[in-house]
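Just below is one structure, and these are the notes that go with it.
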C-alpha cells in the first residue's frame, strides 16, 4: 500500500480517456505516448493511478486503430464530388429553372389533372386526363423552347418515359395507396403527372 506522500492521479475517475490524459482528441500518437509516459513516471508509486493512465492510453490507441481500419466517410466531400462529376453536370445541363409564374401555371395544370383523375375515376381509366396531360406537356414545352419539332419530340419522349417510370414504380416499388378497383391506374396517372410537371417545366 502506498504511503500518504505518494501522489495520486487527480483525474483517476475521469471517464473520457483524452481528458484523463490531458490531451486533445487531435493529439498525435507521439503526443499520446508522451502524455502517458509523463503521467506514469509522475504517479508510478500509486497503482490505481497507473492503471487509470494505462487504461486511458489503451482506449485511445484502440480507437485510433479502429478509425484507421474504418475511415470516416466525408459525406459533404462525396456529395460535392458527385455533383461536380461529368454525368451529373450533363444531366443538370438538360434542366433549367423558368420564372415562378410559369412554374405555378404548370403546377396548377397537373394538380388539376390529378384532382380530376382522383375525383372522377372511370371504368376505362383516366383516358381523357392522360390525353390532356400529353397535350399540356407539349404545349408548355413549346412555350419555353419555341421550337415545334423539339416540343413534339421532347413532349412525346417525356410522356412515354413518365408513364413507363410511373408504371414501374407503382407495380414494383410503391404499394397501392388508393382504394377502389382502378387504384393502380389512378395512382400511376398521378405519379406520371408529377414526372410530366418536371419535364414540361424544367426540361431544356
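Bear in mind these aren't lab numbers, they're just calculated from the coordinates by the rules spelled out. Remember, predicted model here, so these are calculated numbers, not experimental data. Every residue, glycine as well, gets a Cβ built from its backbone with ideal geometry; the counts of neighbours run over all protein chains shown.
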So, in nm, how far is label residue 184 from label residue 135 when the simple model puts each one 7 Å beyond its Cα toward the Cβ? 2.9 nm
Coarse-grained scattering of region 17-69 at q = 0.12, 0.13, 0.26 Å⁻¹, given as base-10 log I(q)/I(0) from a Debye sum over alpha-carbon atoms: -0.24, -0.28, -0.99
Normalised by the residues of region 17-69, what does the relative contact order come to in percent, with Cα pairs under 8 Å and at least six apart? 41 percent
Nearest 10 degrees, 0 to 90: what angle lies between the long axis of helix 29-42 and the longest principal axis of the chain (Cα atoms)? 30 degrees
Segment residue 25-residue 150, extension gain: residue separation times 0.36 nm, minus the distance between their alpha carbons: 39.1 nm
Just want the ordering: 139, 96, 154, 193, from fewest to most Cβ atoms lying within 10 Å of their own Cβ. 96, 139, 154, 193
If I fit a long axis through the Cα atoms of helix 47-69 and take the longest principal axis of the Cα atoms of the chain, what angle between them do I get, 0 to 90°, rounded to 10? 30 degrees
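Listing 6, 201 from the residue with the fewest other Cβ atoms within 10 Å to the one with the most, what is the order?
6, 201
Can you sort 24, 55 so the residue with the fewest Cβ neighbours within 10 Å comes first?
On the way: 24 9, 55 13.
If I rank by nearby Cβ atoms, fewest first, I get 24, 55.
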What translational diffusion coefficient, to the nearest whole µm²/s, does region 94-202 have by Stokes-Einstein, given a Kirkwood radius computed over alpha-carbon pairs, a temperature of 10 °C and 1.306 mPa s viscosity? 112 µm²/s
Mind pulling the angle between the C-alpha long axis of helix 148-168 and the longest principal axis of the chain? Nearest 10 degrees, somewhere in 0 to 90. 60 degrees
